[in-house]
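To start, the structure under review is shown below, and the notes come after it.
What follows is calculated from the coordinates using simple rules that are stated; it is not laboratory data. The shown structure was predicted, so the numbers you read here are calculated from the model rather than taken from an experiment. Glycine also receives a Cβ, built like all others from the backbone with ideal geometry; neighbour counts cover every protein chain displayed.
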Amino acid sequence: MDQNPTVATEDPALLAAFEARIAAGESIEPKDWMPERYRKQLTRMMSQHAHSEIVGMLPEGNWITRAPSLRRKMSLIAKVQDEAGHGLYIYCGTETLGVDRHDLVEALLDGRAKYSSIFNYPTLSWADMGVIGWLVDGAAIVNQTVLAKASYGPYARAMVRICKEENFHKRQGYEICSVLANGTPAQKAMVQEAFNRFWWPSLMMFGPSDTDSPNSAELLKWRVKRKTNDELRQRFVNLTVPQAVAIGITVPDPDLHLDAGTGNWEFGEIEWSEFFEVLKGNGPCNRERLEARRKAHDDGAWVRAAASAYAEKQQARSSTAAA
Amino acid sequence: MADSQWPLWEVFTQPNKGEPFEHAGSVHAPDGELALQNARDVYARRGEAVNLWVVPSTAIVASAPSDAGPFFDPGNDKPYRHPQFYIAPRGVRVF
């Protein structure tokens, strides 16, 4: 990762005008002048975000055939389809920066691209579907609500659309958890166990503390990010703890307590070594996720081939008719 | 050709009958018919549109943001095109 946010090669006048626009709260559009570094940072961030949506389909896709009722199954299918849509919105936004989606997809399939570390954890029980909707989508909403005000127009607009849809994801997840938490002792144990596994990884989704995040300062300066990782994490904890309390779930953190002065739920130390291991590719499911993604891509080859062949045939037919 | 990325189409949605079409995003598709179907699946899963347009991205001609000043200038210096430019007697309801 290049950590040198140098913009010395840019035309100082253009750069000053660009930064003035950002400071004035204007949104930057694809054809506007932007520093190469801004383009690069956005491409990195948006493509990782798009990949996360695509890989995010896999842990939940695993449970579609095992959903406990038709109602749950319909919701889960709709949610997984939404994630595909979200991936496509953001790939489309990334393409406005001058990259090809094809290259991004290639980078994901051959393992060069990063995506959210949370999807490298296994989904072991049905309760995981609830906890993922509630915590993982809940964390994503906190993050994306702020990204919806990002300085890059296409990214911000994709986020507005995604946030609307993810509210359904979160609510269906919380409903699953609330039903299980009020169910039999076995169901209650199942949802508590799932919560225990996903709580800390969900906090890690916001990324390392800003003091340790190489990209934060620059992204904040250019208003790609509007809040620090730590601020967003705190917001998520403050929102989620009362929701857990309401359905009788215990947060697996002995240090968790409400700070009466700030109104913040103070939480314990995050195990960052785990985060970096998962990021490096050593999480429980990194390999399995990429294999599943590659298989899905390969299995879809005939559909793409058929669509191309059909388009060519139609084209040939219409040009013969015209002749 | 299996991994071809296909041409890019810009998608416009009409949220309700009688309203203007708005740009929603883009899709890749081998032809217009599939572009419409992909656009429906990506941009209209919750009744966001009653009609869709898909347009090959290459067909769009756009103004350059850097020329926005001079390009739109003729419109900016003609306040007499706005009703507020004109003085009406006090107490008369003009609008």
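Just want to confirm a number: the relative contact order over chain A, from Cα pairs under 8 angstrom separated by 6+ residues, in percent.
Numbers: 346 pairs, mean separation 59.8, N = 323.
19 percent.
Using 7 Å Cα-to-Cβ label points, what is the A:Asn282/A:Asp212 separation (nm, one decimal)?
Those two pseudo-labels are separated by 1.5 nm.
³J(HN,Hα) across the stretch A:300-312 via Karplus (A = 6.51, B = -1.76, C = 1.60, θ = phi - 60°), whole Hz, x for Gly/Pro?
x, 4, 5, 5, 5, 5, 5, 5, 5, 4, 5, 4, 5
Can you work out the PRE-style zone for B:Ala68? Point 7 Å along Cα to Cβ, and I want the residues of the stretch A:11-36 with backbone N under 18 Å.
Once the point is set 7 Å along Cα→Cβ of B:Ala68, A:14-35 turn out to lie under 18 Å by backbone N, inside the stretch A:11-36.
Counting only residues 5 or more places away or on other chains, whose amide H sits under 5 Å from the amide H of B:Ser26 once H atoms are built in the peptide plane?
For B:Ser26, the qualifying residues are B:Val11.
Which of the lysines could a cross-linker bridge to A:Lys295, judged by Cα under 29 Å and excluding same-chain residues fewer than eight apart?
A:Lys73, A:Lys79, A:Lys114, A:Lys170, A:Lys280, A:Lys313
Using the per-residue mean of other Cβ atoms lying within 10 Å as a proxy for protection, in what order, highest first, do the peptides A:45-58, A:198-211 fall?
A:45-58, A:198-211
Round to the nearest 0.05 the FRET efficiency obtained for A:Gln315 and A:Val99 when R0 = 22 Å and r is the Cβ-Cβ distance.
The computed FRET efficiency comes out at 0.20.
Show the residues, 5+ positions off or on another chain, whose built amide H is closer than 5 Å to the amide H of B:Leu8.
Hits under the 5 Å cutoff: B:Ser57.
What does the average come to when, for each residue of peptide A:98-111, you count the partner chain Cβ atoms lying within 10 Å of its Cβ?
Per residue, the number of nearby Cβ atoms from other chains is 1 on average.
Under unit Cβ charges (Lys, Arg +1; Asp, Glu -1), what dipole magnitude, rounded to 20 debye, does the protein assembly as shown have relative to its Cα centre?
Using only the charged Cβ atoms, the result is roughly 1340 debye.
Work out the mean other chain Cβ neighbour count within 10 Å for the residues of B:6-13 and drop it here as an integer. Walk me through the numbers on the way to the answer.
On the way: counts 6, 1, 4, 0, 1, 1, 0, 0.
Counting Cβ atoms of other protein chains within 10 Å of each residue's Cβ and averaging gives 2.
Below 19 Å, Cα to Cα, which lysines can A:Lys227 reach? Residues fewer than 8 away in the same chain don't count.
Partners within reach: A:Lys149.
Excluding residues fewer than 8 places away in the same chain, name every one of the aspartates and glutamates whose C-alpha is closer than 19 Å to that of A:Lys188.
A:Asp128, A:Glu175, A:Asp253
What percentages make up the Cα-Cα pair-distance distribution of the protein assembly as shown when the bins are 20 Å wide from 0?
22, 52, 22, 4, 0
Under a no-solvent Debye model with one identical scatterer per Cα of the stretch B:1-62, what's log10 I(q)/I(0) at q = 0.26, 0.28, 0.30 Å⁻¹?
-1.07, -1.17, -1.27
What average count of beta carbons from other chains do you get within 10 Å of the Cβ of residues in B:20-31?
Average neighbour count from other chains, rounded to a whole number: 5.
Given charges of +1 on the Cβ of Lys and Arg and -1 on the Cβ of Asp and Glu, with all other atoms neutral, how large is the dipole of the stretch B:1-62 about its Cα centre, in debye to the nearest 20?
So the dipole magnitude of the stretch B:1-62 works out to roughly 200 debye.
Compute the distance in nm between two label points, each set 7 Å from the Cα along the Cα-to-Cβ direction, one at B:His23 and one at A:Asn62.
According to this spin-label approximation, the distance is 4.1 nm.
Spin-label point model (7 Å from Cα, Cβ direction): what's the A:Ser273 to A:Thr250 distance in nm?
Here the modelled spin labels are 2.6 nm apart.
Full-extension gain between A:Asp230 and A:Val179, please, as 0.36 nm times their residue separation minus the C-alpha to C-alpha distance.
Details: separation 51, 0.36 × 51 = 18.36 nm, distance 3.13 nm.
Once the chain is fully extended between A:Asp230 and A:Val179, it gains 15.2 nm.
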